[in-house]
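Read the structure below first, then the notes.
The values are calculated or read from the model by the stated rules, or taken from the named source; none is laboratory data. Bear in mind the structure is a predicted one, so any value in this text is a computation, not a measurement. Please note: Cβ atoms are built from the backbone with ideal geometry, for glycine as well, and neighbour counts cover all protein chains shown. What goes into the accessible areas is simple: the full protein's heavy atoms, side chains included, and nothing from ligands, DNA or RNA. Shrake-Rupley method; radii C 1.70, N 1.55, O 1.52, S 1.80 Å.
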Amino acid sequence: MEKLGEISWNEVAIEMAKEVEKVVMPLFGTPKAGETIGTNVSGDVTKYVDKVAEDIVLSRLQPLGVNIVSEEIGLVDNGSDYTVVVDPIDGSYNFAAGIPIFAFSFAVFGGRKPVYGAIYEFVTKHFYEGIPGNGAFMNGERIHVRKPERGKEALSFYTRGEYSGLIKKVKRVRVLGAIAVELTYLAKGALDGVLDIRNYVRPTDIAAGVIIAREAGAIVTDEKGNELRLDLSATEKTNIIAVNDRYLLDLILGELTNGS
């Protein structure tokens, strides 16, 4: 396990997720959780629950001296070799609305190299990890993308365009509202692909999920089929295609090109 000094990233992630869980879960589905208290560095609305969760994360990470990239405050540069990219609650709209699909997302980079990724689903209590070169895990058990079944593909698909051709060529389309969670579902074989082609998602949304999905055998690209490379930023927006095999990637890219 990669460590900063004598502290394992696994321990840091679990302890932090549990601290956030303890404080925020009493707010689940309440009007207070969704109150707007400002805007974040990207200009998006900051909900009360986002701020509460981020304050916990910052108080836990700052003593470690690492650089921090978080959704609300952006980059905290402490001159460290390590950068933690964190979204304390991915799916905060779901959280405030009482929809039980949201998660804590935590990724560590040494320089620009991924070191560790973790996602914790508060409701199911599933803890996912991606350890570059060592695989992906859920609650300590190894997970892997599922073998595709042609004509039975299930995609999570976010778009602002009209792509009825692609929708007709797969079995199911899901939009769950928390892309970190959806990437873990791809990693464990519950989905075949996750797409967001709105030029909307940021590294804080997907950094941990990309690490986990890749370690589980997924192919992760941009909208042109090039390997997705993440900037360690809270404001950089990108597109993402993550799938369990090359055939599905080529099918998606073909339909996106046609725009049908």
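Results, tabulated for the structure shown:
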read-out	value
Distance cut-off 17 Å, percentage of C-alpha pairs in the stretch 64-172 lying past it	68 percent
Whole-number accessible area per residue in Å² for the stretch 30-108, which is evaluated in the context of all protein chains at 1.4 Å	37 Å²
Calculated over the stretch 216-260: convex hull of Cα atoms, volume per residue (Å³)	80 Å³
³J(HN,Hα) computed for each position of the stretch 135-146 - Karplus, 6.51 cos²θ - 1.76 cosθ + 1.60, integer Hz, glycine/proline x	x, 10, 9, 10, 6, x, 9, 5, 10, 8, 4, 7
Cα-based equivalent ellipsoid, the stretch 44-115: semi-axes from gyration tensor eigenvalues, Å	24, 13, 9
Whole-number Å³ per residue for the convex hull built on Cα positions in the chain	116 Å³
Probe 1.4 Å, protein heavy atoms only - accessible area per residue of the stretch 141-210 in square angstrom	44 Å²
Sequence ranges 120-129, 168-177, ranked by mean other-Cβ count within 10 angstrom, highest first	120-129, 168-177
Probe 1.4 Å, all protein chains present, accessible-area order of LEU183, LEU27, largest first	LEU27, LEU183
Accessible surface of the stretch 15-103, 1.4 Å probe, proportion on carbon and sulfur as whole %	53 percent
